[in-house]
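J.: Following this message is one structure expressed as structure tokens.
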Amino acid sequence: MAWRGWLGSDKPGWVPKIIVVLTLVYLCSQLLGLTWLPAAIPHALFQSISNYVRLLFVLLLIFITYRGISQKGREGWLALPAILLISTGLFAQELLDLHVPGIWFPFGVGVSRTQYAYAAFDVAMLVLLVNRRREKHYIKNT
């Protein structure tokens, strides 16, 4: 929803509804997938549902990004690195499933992929904020 707002993509109107439904399904499946609940609950089933919902979130983010780039043009392309970097942290398990190492050891020190991604995201977000401020300042003075 944050990237949808940033990219100014109000359409299609079904996206927020799908996000709410997926969030509720994910929340419930995560809760029911906990092993401390009674054994009568099929924990593996709910964990699988959680994994599929996460994949649906990835697809929805790709859709929102595509719509944003097609509508915003240059600003959408500027947002793409930030979206990819923050997604690296949000969807870390999916990247592990693709055999992307989770911890890297530069100079013998273990640093997680998410830490690298979030540090790079800070720079990418700074670029986005400076660009947005520059555009608003340019429009205001025109």
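The values are calculated or read from the model by the stated rules, or taken from the named source; none is laboratory data. It should be emphasised that the depicted structure is a prediction, and the values quoted were computed from it without experimental measurement. Don't worry about glycine lacking a Cβ; one is built from the backbone with ideal geometry, like all the others, and counts go over all protein chains shown. Just so you know, the surface numbers come from the protein's heavy atoms only, side chains and all, with ligands and any DNA or RNA stripped out. Shrake-Rupley method; radii C 1.70, N 1.55, O 1.52, S 1.80 Å.
J.: Given L78, L96, which one is assigned to a helix (DSSP H, G or I) and either open to solvent by 60 Å² or more (accessible area, probe 1.4 Å) or farther than 30 Å from R133 by Cα (or both)?
T.: L96
J.: Using the structure shown, decide if Q30 is within 17 Å of the chain's Cα centre (by Cα) and part of a helix (DSSP H, G or I).
T.: For Q30, the condition - within 17 Å of the chain's Cα centre (by Cα) and part of a helix (DSSP H, G or I) - is not met.
J.: While we're looking at this one, here's another question. Kindly indicate whether A124 is surrounded by fewer than 16 Cβ atoms within 10 Å (Cβ to Cβ), more than 23 Å from L55 (Cα to Cα) and under 17 Å from the mean Cα position of the chain (by Cα).
T.: no
J.: Would you please list the contacts, defined by Cβ atoms under 7 Å and residues six or more apart or on different chains, that run from a residue in segment 15-44 that is closer than 29 Å to Y66 by Cα to a residue that is surrounded by fewer than 14 Cβ atoms within 10 Å (Cβ to Cβ) and not aromatic (F, W, Y)?
T.: Final answer for the pair search is P16/M1; I19/M1.
J.: So which residues in segment 62-103 are without any contact (Cβ under 8 Å) to a residue 40 or more places away in the chain and of a type in the set (S, T, Y), if there are any at all?
T.: Y66, S70, S87, T88
J.: Of all residues in segment 1-38, how many are modelled with pLDDT under 80 and in contact with a Gly (Cβ under 7 Å, 6 or more places away or on another chain)?
T.: Summing the residues that are modelled with pLDDT under 80 and in contact with a Gly (Cβ under 7 Å, 6 or more places away or on another chain) in segment 1-38 gives 1.
J.: Being closer than 21 Å to S87 by Cα and open to solvent by 70 Å² or more (accessible area, probe 1.4 Å) is the filter here; which residues of segment 19-48 pass it?
T.: Passing the criteria: V20, V21, L24, L27, Q30, Q47.
J.: From the list E94, E135, E75, which one is among the acidic types (D, E) and more than 29 Å from I18 (Cα to Cα)?
T.: After ruling out the rest, the residue left standing is E135.
J.: Okay, next question. If I filter segment 115-134 for residues that are at pLDDT 90 or above and in contact with a Ser or Thr (Cβ under 7 Å, 6 or more places away or on another chain), do I get at least one hit?
T.: Looking through segment 115-134, at least one residue is at pLDDT 90 or above and in contact with a Ser or Thr (Cβ under 7 Å, 6 or more places away or on another chain).
J.: Considering only segment 1-18, state which residues are out of contact with any helix residue (DSSP H, G or I) (no Cβ under 7 Å at 6 or more places or on another chain), open to solvent by 60 Å² or more (accessible area, probe 1.4 Å) and not in a loop (DSSP other than H, G, I, E, B).
T.: The answer is A2, W14, K17.
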